Amino acid sequence: MVAIQQAVEILQQCRDQLELCTQTPLNIESYREELIHECHIAIDLWNELKSSEKRVLELESNTKITKGLSNKMEYSKAANELLVVKKKSKELSSQINKEINTSSIMVKNTKRVKIELDRLDDTLRIAQLELQLQSSESSTTTGNMTPSLQAELEAVPAQLLREQLITQNKVINQALEEVRYTLHREKEDHRELVADIQFEIKTIRDNLDAMANGTYPPAMEFEARQIDRRRNQTNNINNQRGTIQNEIDVLKARIFEDGKVQDATISILQHEQLVLEQRLADVIQYNTTSMHDIETTLFNLHNEQSNITVVLQQFAIRVAKEQEEEKVLAELERARLAELEYEKSIDEKEYFAALWIQLRWKAYCKRKAMKQKSNKKSKKGANGGSKK
């Protein structure tokens, strides 16, 4: 009974620790890389996270370099980019964790843990019931145990069960230590992140105060650059104005020369226009004559076409009549052939009927002759007997 009680206590401890593991939020940071590469989960997101982490290291070194410089614009830009990249890395990490937690392997593992919990609950319930029965009956032999507890003891020996439970307890304790270590590390990371955010808030507040006072270095540098840009633009505009004026004078001279050329060109074009108008009148006259000839030819062709149409219609009527005559002749020929066939069949019937009659008559005559011959023989035999 003491062994059963110890086994029940060990099972209860295992069950409590296993349930504690299921209730504790799962931290897969330690085994995330192995899970990703072995189970092929979110590989693209993992590669993107690695590149983002490399970028974070580069930006952190850049912020450390630009922090001591007089130009705070570069430091502010690098710090803002660092915050954005860290936020992106955190989002990628949470997304990867979500992909792993929702993968089929983790879901099956969770279901397996639940099944193990149910099995431990059943075993504990049976063991506690048997322990109560043993305490009430004060029996320590296995012969007085119920079949359920006897089956449990026969299935798993107590010593082996104790060793298995001790091993599981070690594994659970190791997992708990890893969880504590991960929690401590996350607290340190969170503390560093809070310090960085507070430093960024202080920097931004100082920058806002400097902007309100008009002593913000990037703003002052920007204003100085704007003044230099305006001065340079004014000088460029003045230089361009002189250049444009010179170009205008040159263009006016070209326009005057082009005007002379244009007048000469207009006179030449007017002469060519008169020549083309005369050619156009000649072409129109020629086309008018040609159109009259073409219309006459078309009229003659229409008349010829109408005559051909009449001839074709007459030919079609003639062909139709000939086809009708051929049909009538074909009908008459078929009727004649049918009549000949009928007469031939009648002649054949008469021939075969006469032949049949002749054959029957010959057979009749033959039978009659044979009958007469047999009668004569019988008469001769009768006459010979009487003579004797």
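Does at least one position in segment 40-59 carry a residue that is assigned to a helix (DSSP H, G or I) and closer than 25 Å to Tyr216 by Cβ? Yes, segment 40-59 contains at least one residue that is assigned to a helix (DSSP H, G or I) and closer than 25 Å to Tyr216 by Cβ.
Would you call Thr215 modelled with pLDDT under 85, surrounded by 10 or more Cβ atoms within 10 Å (Cβ to Cβ), touching a Ser or Thr at 6+ places or on another chain (Cβ under 8 Å) and among the hydroxyl-bearing types (Ser, Thr, Tyr)?
Against the criterion (modelled with pLDDT under 85, surrounded by 10 or more Cβ atoms within 10 Å (Cβ to Cβ), touching a Ser or Thr at 6+ places or on another chain (Cβ under 8 Å) and among the hydroxyl-bearing types (Ser, Thr, Tyr)), Thr215 does not qualify.
For Asn169, indicate whether it is polar (S, T, N, Q), in contact with a helix residue (DSSP H, G or I) (Cβ under 8 Å, 6 or more places away or on another chain) and within 17 Å of Lys77 (Cα to Cα).
No; evaluated as a whole, the condition is false for this residue.
With the requirement that a residue be among the charged types (D, E, K, R) and under 45 Å from the mean Cα position of the chain (by Cα), what does segment 171-194 give you? Of everything in segment 171-194, those that are among the charged types (D, E, K, R) and under 45 Å from the mean Cα position of the chain (by Cα) turn out to be Glu178, Arg185, Glu186, Lys187, Asp189.
The residues listed here are Leu251, Leu176, Leu274, Leu208; of these, the one that is assigned to a helix (DSSP H, G or I) and closer than 30 Å to Lys67 by Cα is Leu208. Given the structure, is Ile197 assigned to a helix (DSSP H, G or I) and within 30 Å of Val56 (Cα to Cα)? The answer is yes for Ile197.
The values are calculated or read from the model by the stated rules, or taken from the named source; none is laboratory data. No experiment lies behind these values; they were computed from the predicted model shown. As a convention, Cβ positions derive from the backbone with ideal geometry for all residues, glycine included, and neighbour counts pool all protein chains shown.
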